[in-house]
1. Could you say whether any residue in segment 468-490 is under 19 Å from residue 79 (Cα atoms) and in contact with a strand residue (DSSP E or B) (Cβ under 8 Å, 6 or more places away or on another chain)?
2. Here is a list of conditions, (1) in a helix (DSSP H, G or I); (2) without any contact (Cβ under 8 Å) to a residue 40 or more places away in the chain, and residue 707 meets all of them except one; can you say which number that is?
3. Does residue 261 count as at pLDDT below 95 and within 16 Å of the ligand (Cβ to nearest atom)?
4. Hey, any hits in segment 441-458 for a residue that's in contact (Cβ under 8 Å) with a residue 60 or more places away in the chain, closer than 30 Å to residue 484 by Cα and not in a helix (DSSP H, G or I)?
5. Quick check on segment 631-657: of everything there that is in a helix (DSSP H, G or I) and within 16 Å of the ligand (Cβ to nearest atom), which residue is farthest from residue 528 (Cα to Cα)?
6. Residue 413: farther than 26 Å from residue 67 by Cα, touching a residue at least 24 places away in the same chain (Cβ under 8 Å) and either in contact with a helix residue (DSSP H, G or I) (Cβ under 6 Å, 6 or more places away or on another chain) or assigned to a helix (DSSP H, G or I) (or both), yes or no?
7. Looking at segment 130-152 only, could you name the residues that are more than 25 Å from residue 290 (Cβ to Cβ) and either without any contact (Cβ under 8 Å) to a residue 24 or more places away in the chain or within 19 Å of the chain's Cα centre (by Cα) (or both)?
Ligand code: 26Q
């Protein structure tokens, strides 16, 4: 984008006066933020409009979550005006940094939602015609605080700062019909800027509203009760994001959200095609749809329904769907696979249910009748099976994960349709996750190999021969990033972290399979060794956690409480103060991640092998020069392939070993044979920590006494983990260690989302 300072400042002033009846002198932060954003929106409109006019085949990425984070800095970077706008604002005495207070758009839970956001950015940067379709939640993922070490949740009023990066497109509103109500879906479009290439794609998020303005007269007379109720309930559909990650909650409102989003999106696509005079039988020539997990899978029966309404036969409509839809799986956890009660579904969406039944009949005529292939069984609708049967391609998100899909959870389907299954290893956008969050490291790299890597991350390998030259600069930058994070943590969490400590970081959603518990127990283990005088030379380390627990996930919340208690114990102990600190940061989100990722020395990726589909945090740390302490799970496997296993710290049972161990596993025996481990585990029940609510006792039970104890082999992997962790901490600080860090940077090329979207475009979408 071409930037003219005077013109820009005039546009800002224009917006300030028209929208807020104020000027540059008097405007407050929020007014200035809105005016700066709107001034830019005005300028990019022609490019946006031009991108939308193209009739090239497009991909629509259907997702219940887009975890966008903060828009303004990323948008300025991609428009190429970050420095210009910083300078323009400085010239009128304003600091761009003040917008770091702007709320994140947290319209997603974790990995799956952030992946969708990275893919939108990368597709625009690679000039691929990809648009997002989703839900404009009024409240995003809850804000987390800790009180007395317990997690508390508050509503996330992300629109408090306004939403200047969206445009409400009234003219494209559609109606969505449920058996008991009809609601209006109004789209809000967000521009997605390619990196310095004038491409502007669109994220279209639907908001639910009553069909007609509220009818007070009939409400007062208590007539038309249903209509009044409809109006009350309409906005409820898009009120709030369900805060579950890798667990299914069978709430009917969630089903309503899903149908609302896919019905509105498909109506939008069909209307556009009809306006262009297209035969809907040819839809796959114009559109391809990617279903981000099972959450938008109702799109399949909905498109079948719409196409038949438009005059196609079932077979014709099925043929269209079979070419247009593709499905990404993000988890192998049984409790995350969506299943809906058939009666509830048919009550709410009879027309859609009818189509699912028709698809089931078609499946029965095609697949072996041996009971392995079904969509509806025992009055339960299995959304993943519906997706696999109809979709052209089904993909996993890392090599190991796709193999597990083929050989384990979907092996019957793989036997029937081997050609459907493909792997697309996840990726992250290097713009947000290096250029923006770590400009100083980016500058070091630019200085040695130029800027090609900004849009071609494989070019980072050219940095290898320069590693010895930049070791010193890298250490300095890492140190500066650590000092900044320490200051931020001091201000927001009230914990002192000396910047010269090793920053050992585990940030991700809280889940038992991710094993924050393993990390916690190791901290107690080291703590006890320091206290007893067995370890007098423990390398000073800060253990940093960030994670939200689903509000209804008891054990996850208990683990947060446990770690907060460990933090209190450790941080108030003067004897261990020279050796360790523990902090659990509150409200970990995309913006916090940007600060943490560039300041980490150790990246904890310690899920039980086979459980983490891919992980993408692991890639962000790698790109920022952090070694991985991890299991051979998800994309860690490929990280080791790329960077060399010797440049990372790998421990624990492999997937194959996990399966074998589970057959004879006895966590009690392990604890009995290992007094140091036992001591750490017993802190859950021995009075070390107050446990008024019995939460810690429950954790103890889940490790040792429940029916299927220690499901995720925390105790089995403990010894190997502690051994490798200690080795890592002792290696820290040498030139050899920093060389490992930089070898990771040089080897991160594969994990660019640019590569991922390009793989999708080539292997699945067939778009250019
Ligand atoms: C389902 C039904 C009802 C309510 C909620 C859900 C639900 C919501 C979110 C189920 C799952 C999710 C999110 C899953 C997720 O984020 N998976 C992660 O996806 C990443 C991107 O592919 C991977 O890197 C991670 O390994 C995987 O855990």
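1. No, segment 468-490 contains no residue that is under 19 Å from residue 79 (Cα atoms) and in contact with a strand residue (DSSP E or B) (Cβ under 8 Å, 6 or more places away or on another chain).
2. Of everything listed in (1) in a helix (DSSP H, G or I); (2) without any contact (Cβ under 8 Å) to a residue 40 or more places away in the chain, residue 707 misses just condition (1).
3. Numbers: at pLDDT below 95: no; within 16 Å of the ligand (Cβ to nearest atom): yes.
No: the conditions fail for residue 261.
4. yes
5. Only one residue fits best here, namely 638.
6. When the stated conditions are applied, residue 413 passes them.
7. Matches in segment 130-152: 138, 139, 142, 143, 144, 147, 148, 152.
Residue-wise test of (1) more than 16 Å from the ligand (Cβ to nearest atom); (2) buried (at least 22 other Cβ atoms within 10 Å of the Cβ); (3) in a helix (DSSP H, G or I).
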site: 492; (1), (2), (3): yes, no, yes
site: 496; (1), (2), (3): yes, no, no
site: 505; (1), (2), (3): yes, yes, no
site: 517; (1), (2), (3): yes, yes, yes
site: 520; (1), (2), (3): yes, yes, yes
site: 538; (1), (2), (3): yes, no, no
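The values are calculated or read from the model by the stated rules, or taken from the named source; none is laboratory data. Note that the structure is a prediction, hence the values are computed from the model and not measured. Virtual Cβ from ideal backbone geometry, glycine too; neighbours counted across all protein chains shown.
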